[in-house]
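Structure record follows, encoded as structure tokens.
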Amino acid sequence: MPSRKFADGEVVMGRWPGSVLYYEVQVTSYDDVAHLYTVKYKDGTELALKESDIRSQSSFKHRKSQSSSNSPSRRSSSRSRSRSRSPGRPAKGRRRSASQSREHKDDKKKIIQETSLALVVLVLFKPSENNTKRYNGESESTEKNDTSCIILEQKLKPDLEIKRVLEQYSLRSRKDDKKTEEIFSEKKTFVAVKPIEKVPSKTKELEFGGRIGTFMLIFLLPATVFYLLLMCKQDDPSLLNFPPLPTLESLWEWRVFGVFLLWFFLQAVFYLLPIGKVVEGLPLSNGRKLQYRINGFYAFILTAAAIGVLLHFQFELHYLYDHFMQFAVSAAAFSLALSIYLYVRSLKAPEEDLAPGGNSGYFIYDFFTGHELNPRIGSFDLKYFCELRPGLIGWVVINLAMLLAEMKIHNLSMPSLSMILVNSFQLLYVVDALWNEEAILTTMDITHDGFGFMLAFGDLVWVPFVYSLQAFYLVGHPTTVTWPVAAAITVLNCLGYYIFRSANSQKNNFRRNPADPKLANLKFIPTATGKGLLVTGWWGFVRHPNYLGDIIMALAWSLPCGFNHILPYFYVIYFICLLVHREARDEHHCKQKYGLAWERYCQRVPYRIFPYIY
């Protein structure tokens, strides 16, 4: 076992990955297995570095020049005094031996190579967004001219002049010069194309209560769904009136499971259709970008056409209402089987394909959060498909089934105003998500979370069967809503939708193309990663304005159910808890990622979700 060279807490110089630049860092920990140091930069960024990329501060102390003849002024004056002489002949009384002359030329050649290498580094890193100011979270200069570049050019000008003279009056053979030029060219090429290496690391900080918390959630989430659905079937769905448990035989029917599988694979066929544009996602840890086909809205149109054909041929869609619990059990069983498959296949996935938050090494935790970031079968992205297709479109189909069931059970010629409001609000939400499908590529679900039980169960069970709880409740508990109240609820929903959509549009457009002239009025704080933190518009109002809009809409969806029971408001309560927890996760990740820049952003925008409250 090799002994470590640097101790915890020691301040050293760490090389920035993919560059030749060293910054002052502090050693925080050491991995005995991978032999990697975890270091923290001044802006709060933490990276894992090899021992060869770390040096002591003493090795960076400036050395005094041994001779004053190396100053540019002395070289310049000497050159002007001997301009009338032949450059190949030294001045009288100052003849040097052949060895001294060669040494002098070698020294100058070394200076030239170092000068050229410095220029290569300057060209490489000057346009980069990892310069010192952005690294430390300082504001970026708006002026295009950079005085530091001019000063460096002036300092290097005498050395460049030496290079020009030596090239013109070189006494070596051209063959040797060509070899030297090829060698030096290879060095420059090596410096220019050296890739940024990112060493994959284990997940150190566990979320959702760690191993115990995730183990409990695997059982608690399905139990919550079944409890809510059983409560909605009760004549009195109060919290104290616990529903009787159904028999196991009544919870499963193979025909229902077959219908669910047919629905799932029908959406998969729509996903594979060569319609819609193909876009690239955000860069992965290795710099690679995955391609995604954006055709969710087309899949929704095709689904609507298929439902219309079924209704035309007198298919009773309220079959969903009659077997709602069985459909939920079938979806839960399928999501569990899918989660097992995802974890087994992730064991053979390359290290670079694993999720940043699901690589802890603990089976239960990785199974729940998702071990692999983007599991694919060929070009079929499983996580991206499940995120919007079967569950989200299924949510709309379930709402329509509840509307038809209400009309049949209560002998109505048209659905109630409450049911129309719930269906309309939630239909708008789903259509908006599918129309702006590309925006999901920048969310935490796609960029950070792996695809495991959490997302599989959430996409296939929680979204369609819990988000449709208001419509399911109204079938058995009709509620009368007056037109003025309906108008007020509609205004509230439109307000939430406006905040939600405009905030997300600002964020997504800025992430895609910060240089867009349409976004010229937006101000931002630059960060070490090259991304900017918006401090104007909705993102200067609160840190998560899209969450604020989401919560307002969730309240508008529940209000048509009245105030007789709290059950229809479960979605609002759950959604507030979910978004507060997600906001805390966002805060933690952003603080680690952006460091000092994030602290400045929090000072500029103090409120998280609710203005002047939280």
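Going by the structure shown, is F219 out of contact with any helix residue (DSSP H, G or I) (no Cβ under 9 Å at 6 or more places or on another chain), under 22 Å from M454 (Cα atoms), open to solvent by 70 Å² or more (accessible area, probe 1.4 Å) and assigned by the TED database to the domain that holds A328? Can you show your working first?
Values: out of contact with any helix residue (DSSP H, G or I) (no Cβ under 9 Å at 6 or more places or on another chain): yes; under 22 Å from M454 (Cα atoms): yes; open to solvent by 70 Å² or more (accessible area, probe 1.4 Å): yes; assigned by the TED database to the domain that holds A328: yes.
It is true that F219 is out of contact with any helix residue (DSSP H, G or I) (no Cβ under 9 Å at 6 or more places or on another chain), under 22 Å from M454 (Cα atoms), open to solvent by 70 Å² or more (accessible area, probe 1.4 Å) and assigned by the TED database to the domain that holds A328.
With V329, V256 as the choices, which residue is within 28 Å of F368 (Cβ to Cβ) and more than 35 Å from the chain's Cα centre (by Cα)? I'd like the intermediate steps shown before the answer.
Working: V329 fails: more than 35 Å from the chain's Cα centre (by Cα).
Step by step, each of V329, V256 is checked, and only V256 is within 28 Å of F368 (Cβ to Cβ) and more than 35 Å from the chain's Cα centre (by Cα).
Looking at C577, C561, which is the one that is free of Cβ contacts under 8 Å to residues at least 24 places away in the same chain and not β-branched (V, I, T)? Walk me through how you get there before you give the answer.
Working: C561 fails: free of Cβ contacts under 8 Å to residues at least 24 places away in the same chain.
The conditions single out C577.
Which of the residues spanning the stretch 476-515 are out of contact with any Lys or Arg (no Cβ under 9 Å at 6 or more places or on another chain) and basic (K, R)?
Those that are out of contact with any Lys or Arg (no Cβ under 9 Å at 6 or more places or on another chain) and basic (K, R): R501, K507, R512.
For K289, all conditions in the list (1) part of a loop (DSSP other than H, G, I, E, B); (2) in contact (Cβ under 8 Å) with a residue 60 or more places away in the chain hold save one; what is the number of the exception?
(2)
For W483, are the conditions met, namely being within 30 Å of K233 (Cα to Cα) and either surrounded by 19 or more Cβ atoms within 10 Å (Cβ to Cβ) or in contact (Cβ under 8 Å) with a residue 12 or more places away in the chain (or both)?
Values: within 30 Å of K233 (Cα to Cα): yes; either surrounded by 19 or more Cβ atoms within 10 Å (Cβ to Cβ) or in contact (Cβ under 8 Å) with a residue 12 or more places away in the chain (or both): yes.
It is true that W483 is within 30 Å of K233 (Cα to Cα) and either surrounded by 19 or more Cβ atoms within 10 Å (Cβ to Cβ) or in contact (Cβ under 8 Å) with a residue 12 or more places away in the chain (or both).
Any residue at all in the stretch 598-605 that is closer than 21 Å to A556 by Cβ, open to solvent by 50 Å² or more (accessible area, probe 1.4 Å) and in contact (Cβ under 8 Å) with a residue 60 or more places away in the chain?
Of the stretch 598-605, the ones closer than 21 Å to A556 by Cβ are none.
No, the stretch 598-605 contains no residue that is closer than 21 Å to A556 by Cβ, open to solvent by 50 Å² or more (accessible area, probe 1.4 Å) and in contact (Cβ under 8 Å) with a residue 60 or more places away in the chain.
Take V329 and decide whether it is open to solvent by less than 60 Å² (accessible area, probe 1.4 Å) and in contact (Cβ under 8 Å) with a residue 12 or more places away in the chain. Before the answer, list the steps.
Details: open to solvent by less than 60 Å² (accessible area, probe 1.4 Å): yes; in contact (Cβ under 8 Å) with a residue 12 or more places away in the chain: yes.
Criteria met by V329.
Would you please name the residue that is least open to solvent (accessible area, probe 1.4 Å), looking only at residues in the stretch 514-558 that are without any contact (Cβ under 8 Å) to a residue 24 or more places away in the chain and of a type in the set (S, T, N, Q)?
The selected residue is T536.
Restricting the search to the stretch 224-243, which residues are modelled with pLDDT of 85 or more and open to solvent by 50 Å² or more (accessible area, probe 1.4 Å)?
Residues of the stretch 224-243 that are modelled with pLDDT of 85 or more, as a first pass: 224-234.
Scanning the stretch 224-243 gives F226, Y227, K233.
Could you count how many residues in the stretch 362-379 are in a strand (DSSP E or B) and under 20 Å from the mean Cα position of the chain (by Cα)?
Taking the stretch 362-379 and keeping what is in a strand (DSSP E or B), we get 372, 376-377.
Cutting the leftovers down to under 20 Å from the mean Cα position of the chain (by Cα) gives us 372, 376.
Residues flagged as in a strand (DSSP E or B) and under 20 Å from the mean Cα position of the chain (by Cα) within the stretch 362-379 amount to 2.
Would you confirm, using the coordinates I've provided, whether I573 is surrounded by fewer than 17 Cβ atoms within 10 Å (Cβ to Cβ), modelled with pLDDT of 85 or more and closer than 26 Å to L428 by Cα? Give the steps one after another, and end with the answer.
Details: surrounded by fewer than 17 Cβ atoms within 10 Å (Cβ to Cβ): yes; modelled with pLDDT of 85 or more: yes; closer than 26 Å to L428 by Cα: yes.
So I573 fits the description; yes.
Out of all the residues in the stretch 301-320, is one or more more than 25 Å from F453 (Cα to Cα), of a type outside the set (F, W, Y), open to solvent by 70 Å² or more (accessible area, probe 1.4 Å) and assigned to a loop (DSSP other than H, G, I, E, B)?
yes
The values are calculated or read from the model by the stated rules, or taken from the named source; none is laboratory data. Quick caveat: nothing in here was measured; it's all calculated off a predicted structure. When we count neighbours, we look across all protein chains shown, and the Cβ atoms used for this are built from the backbone with ideal geometry, even at glycine. Just so you know, the surface numbers come from the protein's heavy atoms only, side chains and all, with ligands and any DNA or RNA stripped out. Shrake-Rupley method; radii C 1.70, N 1.55, O 1.52, S 1.80 Å.
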